[in-house]
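Where a number appears in this text, it was derived from the coordinates with a stated rule and is not lab data. On a predicted model such as this, the values are computed, not experimentally measured, just so you know. Backbone-built Cβ (ideal geometry, glycine too); neighbour counts: all protein chains shown.
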Amino acid sequence: MAGEKECVALALGNAAGLEEAPASGNDPTAAGDDEEEEVRNDGDQEGRSKGLRKCVQNLPWSMGGDAFKRLLEEQDIKFASAKKRKGKTVGFVEFDAAEHAEHAKVKLEAMTGSKGKKPKVSDALPRSWEADETGNGDAKEENAEPPKDVSEVVTPLASQSYEEQLREKRDGVATVLRKFVRHTRKCCVHGTPVPEWLTPGKEKGGMACDFEGIIASPVVEGYRNKCEFSIGSSADGESVVGFQMGMFRKGITAIGNPRNCRNVSDIAKFYAGALESFIRTSEFQVWNKENNSGFWRMLTVREGRHPRTCEEKVPTVAEVMLVVQVSPSGIANDAKMKEYERMARELSSAAFSASPPVTLTALLVQEHVGVSNAAPADAPLISLAIPGTEVSVQHIHDYIGDLQFRISPTAFFQVNSFAAEKLYALAGEWAGLGPNTLLFDICCGTGTIGLTLARKVGMVVGIEINADAVTDALTNAKLNDISNCRFVCAKAEDVVNKLLNEYEVLPEESSEDNAMDTDKKRFSNVVVIVDPPRSGLHPTVTKALRVHSRLKRLVYVSCNPDTLIANSIELCAPSSTADKQKNGRGMNIKGMSSMGYARQRMKNMPNSEPFKPVKAVAVDLFPHTHHCEMVMLLQSFDYSLNFHFTIAWV
C-alpha cells in the first residue's frame, strides 16, 4: 500500500504533438522523492534541444517499452532513450544528434503501423517542468530555487494552527465528494435513470452524502512511526540524510536536514543524524540521482510504541528498526561487509552513548541496484548483529489498542497508529459487525484492520500480495490469541472472486466431509474491507464486489483522491441500459483520466444494483500535511443490503 510506485503517464491527443506528462509526486516523508523519473542511457540530458525528442504515433496498441526499443534497434536506429506503455499507440524517443532523429523519421514512417496506419514522427511538446513562464520549451528548470528549509516541502501546513489545518482538510474532502457527484452523473446516459443521491440539495452542499467533518489526530507532533530518508548531497555539497528539497524533474536534487519537520519523531531525527555522521567518514559515496551512481541510498526508521500510551503527547518508543539501503554495484564483497560492520558499531555506539540512551532493536541492510529507491519485494536484506547484544532480528512490534503487531522491514503499517486506532474503531462501529459476520480484509498488510475487528465477527479472511506481511499477519493472530482468521498471499484480482464464492455455499449443498461447511452456513452477513495502493482497486476486484449478491458492507481505504472517485463510480453508478461492449479494446482511452476510464468500464459492468453513499467523515492521520483519510458509508438501493466504504485520502 502506503509507498507503491507508478509508471510515468503519457498525455495523448494534442493536435500540435504529444507531451510526456509528469508523474504525480510522493509524500517526501514517506517515499523520499520522484522515483518515477526516467534515466537516460548516457546519463547526460544537457544540450538536447526540443527537436531531439520525438513522439511516434500509430504504434501497435499491445507494444510495450521493451518491444519498442527492439523495434528501433532492428531498424538500425540510434537513440538515447525510448519509452512506450502498453495500451497506448504512441511512444517517445530521444536522440543525441539531429541526423539520428532524421534517420529514425525516414525508417519509421516507411513502416506500417497500428491498424494499417503508417507511424508518424513529430517533435514532442516540452514537458510542463521544462517550459519557462514565456512558454519557451527549451528552458529547463535545472537551476530551480529550492525552498529555504525542507520542512516547507514535507510539512507545508506546519505554519498554520492545527485548527486551521483541519478546516483546510475538511474543505478538501468536501470538494472530493462534490467531484464524485459530477463524474458519476456522466455515467447516466442512454436513458439510464439518475439516482436521487446524484441530485443533492442545498442541505448537502452538492456533496454525494452527509459529511460529518473531520476527526483530529490524538498526536500532532512527531507522530510518524516510519520515515524514509533519502541519502545524498546538500546544496553545499555535504553528505546529508534527510528529504529531497523539491522535485527531480524540476532540477532539484539537494537533500535537506529534517530537524524542523514536525511530523518526524526525535528518534528518527537522531538516527538520521547518526548515519549522516558515519557516512561522512565512509570511503563509499552517497547516491547521486543525476548520474545514478553511489553507494548509500536511503535510511528507513521504523518505531514500535509501548501499548496504551494514546493519551500521551509524546508516545513512548519501545523498539526501533533501521533499514539502510545501498547500491553495492562494483564493490567487493569483503569491502562492503567490513563497512556494514563498522556502520553497526558506530550506530549502536551513538545510540547507547546518548543521554538518555536511544533504543536500537533491529539493523538491516537492503541491497538494491535499480534506478529508483523503490526496491522490489525480493531485494536482498542482510540482518546485522547489534554490538553488545550479538543478536540480529528482522522485525519489531507496535500496538493498536490492546493488540500487538509484528512488523517486518517492508510490511505496511499505518504511520500514525494512534489516529489509525480511531479510524478502525469508527469503521467497526459503522459496519454493524456481529458473530454472524464474515469479514474479508483485502490488501490487509500485517492484518491490522481485520485483527482489530476479529473479536467482533465470526471469521476474517485477509488477502495480501506481500509475503512478509502475510507471515506477520499470521504471527500477529497467534500473538493476540486470535484463531478465527485466515490469510491468503495473492493478488486480490486473482483470488477475490474465488474466495467470495467459497463461502457462498447453501446449507443443503454442505458436505460432512468439508469442515469449512459448518462455518459457511452461519455467515449471514458478509463485510469487506479494502486497503489498496495508490493505483486503487483492480477493475476485477471492483466488479466482483459490486455484483456479489451476499455482500452487505465494505470498508475501502484509498491513498489517492482520483482512484477514490474512480472506484466509487464503479461501485455506485447505475448500470447502463446501452449494449455492453465486448471487450476493453473498443474503448477510446487516449488521454483518459482514471475517472474517465472508470466511466468507460461501467459500459461493461453487468446489470447489478449500485450502492448509495449515505454519510462520510474524515480522519486526520497526517497533521502538518495536506493529506487525511476519510470513512464513507454506502448502502444498497434495495435497502436490504448495506455497504460500508472507508477511504484514506493520502
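The table that follows gives values for the structure above.
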quantity: Length added when fully stretched, Asn288-Asp149, from 0.36 nm per residue minus Cα-Cα; calculated: 48.0 nm
quantity: Bridge type composition, the stretch 303-448 - antiparallel percent by DSSP, nearest 5; calculated: 70
quantity: Top positive-direction residue, dipole computed over the stretch 226-398 with Cβ charges, set Gln285, Gly330, Cys261; calculated: Cys261
quantity: For Phe487, residues with placed amide H under 5 Å, excluding near neighbours; calculated: Gly462
quantity: Full-stretch length increase - Thr192, Ala235 - with 0.36 nm per residue and alpha-carbon distance subtracted; calculated: 9.7 nm
quantity: Estimated FRET transfer efficiency when R0 is 22 angstrom, pair Arg280-Asn333 (beta carbons, to 0.05); calculated: 0.40
quantity: Segment Arg167-Asp266, length gained on full extension (0.36 nm per residue, minus Cα span); calculated: 32.9 nm
quantity: Within-12-Å neighbourhood charge of Ala469 [Cβ basis; K, R +1; D, E -1]; calculated: -4
quantity: Residues Val391 and Lys117, FRET efficiency given R0 of 51 Å [Cβ-Cβ distance, rounded to 0.05]; calculated: 0.20
quantity: Exposure proxy ranking, count of Cβ atoms within 10 Å, fewest first, for His624, His397; calculated: His397, His624
quantity: Per-pair calculated FRET efficiency, R0 = 60 Å: Glu221 and Gln75 via Cβ, rounded to 0.05; calculated: 0.50
quantity: Zone of Ala354's modelled label, taken as backbone nitrogen in the stretch 370-409 under 20 Å from a point 7 Å along Cα→Cβ; calculated: 384-399, 409
quantity: Likely footprinting exposure, Cys209, Cys628, Cys444, fewest C-beta neighbours within 10 Å first; calculated: Cys209, Cys628, Cys444
quantity: Model label zone, Lys456; criterion: amide N under 19 Å from point 7 Å along Cα-to-beta-carbon; scope the stretch 471-505; calculated: 477, 480-486
